[in-house]
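In what follows, a single structure is set out as structure tokens and then discussed.
Nothing in this text is a laboratory measurement; each read-out follows from the coordinates by a stated rule. Every value quoted in this text rests on a predicted model; they were computed, and no experiment measured them.
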Amino acid sequence: MTGFKFLVLTAVGVCLMVATAPRAVAQIAVEVGVAPECPYGYYDSAPYGCAPYGYYGSEWFNGGVFIGAGPWFHGSDNFRGHVNNRFHPEHGYNDAMPQRGERAEPSRRLDKVSHFKGNEVRDGRGHIGGNRR
């Protein structure tokens, strides 16, 4: 009987400690800094490296300015834009990439990417989906 009383008292004590424990309130603040300066846009996933010419279709540019991707996306809520994922490192691309701070070549238009072959639709927030082109 002594063992049973000990077990009951221990259970009651644990319940009281759990019930009176202060609740932790967590606030998460993530600072992402400024968007990368890339001539043809940057990838929508970390580490947000510069994307090569031809990765993004023309709908990703407004007046020659990239509308952003990932945490810096500033397009409409229902935005969907085509990309050519063959130019993404996760799909095996390992050719030349522009560096941050580089300027776009004047012959490479952003409002109409020559010979663009979009094969994936993205929403600017890192989500893939929609109609394929």
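Fully extending the segment from residue 74 to residue 96, taken as 0.36 nm per residue of separation minus the present Cα-Cα distance, adds 5.2 nm.
Its Cα gyration tensor gives region 44-88 an equivalent ellipsoid; the semi-axes, largest first and in whole Å, are 16, 13, 10. Taking all C-alpha pairs of region 35-133, those more than 20 Å from each other amount to 28 percent. Extension gain for residue 2 to residue 85 (0.36 nm times residue separation, less C-alpha to C-alpha distance): 22.9 nm.
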